[in-house]
């Protein structure tokens, strides 16, 4: 649910930012939310089918119904397929074809590329960041029916945010991930100085990236300042992790990242109203 909520909030705020020009529709917003929930749910469902034996090895996922054997793989595939198809159809038919294509792309990248790569290479995080960055772009496209610089900028902001966000989570649960053979921290040695430095580096990169909406007149000066301050806050927690390299510091960065994204996207919207 946490991942699905993040997806829906990002998509809705992307829609609202595009709708500040006067093209707002409650019906479109409801369809976007429903489609986002279904496609995100399908992605997670297929992921749990594929990784059911690995989930059973990890404390954080061992209670999932497929991992416990309370649901069969066939049931999981059927439920996920129905959810994915309905979600994509909703986006395609009731919004526009480009929205449906973006939803299908997010589902494909998450299930067919990111999921199998998790046991092969830390590059899985880069691949997974692609579907993870689609929601705000999808929201913009759902409102306008067109793709351009603005939805691309929203994609880049959420794409860059995912690295410190996900690596902070991976730092906290690295021992659990190792039980399933997942290699998701950027360094091959896991919780080391190299991983901590890369987390700090991407946190700092987030500051200029979040200025792009102001640079290209998507939002105002106030939202840019708030975004920069939020980025500096993320970087401070990342610097603390780099200095101390503890799980507590990673948890603080993780929670800071949860707060960062909705605040920054929301102020982009409010600054345009």
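Largest GNM mean-square fluctuation among 169, 153, 120, using the chain with Cα springs under 10 Å: 120. Annotation: the residues 230, 143, sorted from fewest to most other C-beta atoms within 10 Å of their own C-beta, follow the order 230, 143. Ranking of 218, 232 by neighbouring Cβ atoms within 10 Å, starting from the fewest: 232, 218.
Expressed in nm to one decimal, what extension gain is obtained for the pair residue 215 and residue 24 from 0.36 nm per residue of sequence separation less their Cα-Cα distance? Before the final figure, lay out each step's value.
On the way: separation 191, 0.36 × 191 = 68.76 nm, distance 2.43 nm.
Here the answer is 66.3 nm.
Placing a label point 7 Å from the Cα of residue 105 along the Cα-to-Cβ direction, the residues of the range 150-183 with a backbone N closer than 19 Å are 150-163. Stretching the chain fully between residue 178 and residue 147 yields a gain of 7.2 nm (0.36 nm per residue, less the alpha carbon separation).
Out of every Cα pair in the chain, what percent are spaced more than 32 Å from each other? When all Cα pairs of the chain are counted, 24 percent exceed 32 Å. The sum of -39500 (n - 2.57) across all DSSP H runs of n ≥ 4, divided by the residue count of the chain, sets its helix-only mean residue ellipticity at 222 nm to -24000 deg cm²/dmol.
May I ask for the distance between the Cα centers of the range 230-273 and the range 140-176, given as a whole number of Å? Cα centroid of the range 230-273 versus Cα centroid of the range 140-176: 14 Å apart. Multiplying the residue separation of residue 4 and residue 201 by 0.36 nm and removing their Cα-Cα distance gives an extension gain of 68.2 nm.
For the pair residue 57 and residue 75, label points projected 7 Å from Cα toward Cβ lie 2.5 nm apart. Quick one: among 122, 151, 164, which has the greatest mean-square fluctuation in a GNM of the chain with alpha-carbon springs under 10 angstrom? The residue that fluctuates most here is 122.
Only Cα pairs within less than 10 Å get springs; with that Gaussian network setup on the chain, which residue of 129, 256, 112 has the largest fluctuation? Checking each option, the largest mean-square fluctuation is seen for 112.
With 10 angstrom as the radius, rank 140, 171, 236, 92 by how many other C-beta atoms surround their C-beta, starting from the fewest. Mind dumping the intermediate values first?
Numbers: 140 29, 171 25, 236 15, 92 18.
Lowest to highest Cβ neighbour count: 236, 92, 171, 140.
Most tightly packed first, judged by the mean number of other beta-carbon atoms within 10 Å of their residues, the peptides 173-186, 68-81 read 173-186, 68-81.
Any read-out appearing in this document is the output of simple, stated calculations on the displayed coordinates, not a laboratory observation. Keep in mind it's a predicted model, so treat the numbers as computed, not measured. Positions of Cβ are backbone-derived with ideal geometry, glycine not excepted, and every protein chain shown enters the neighbour counts.
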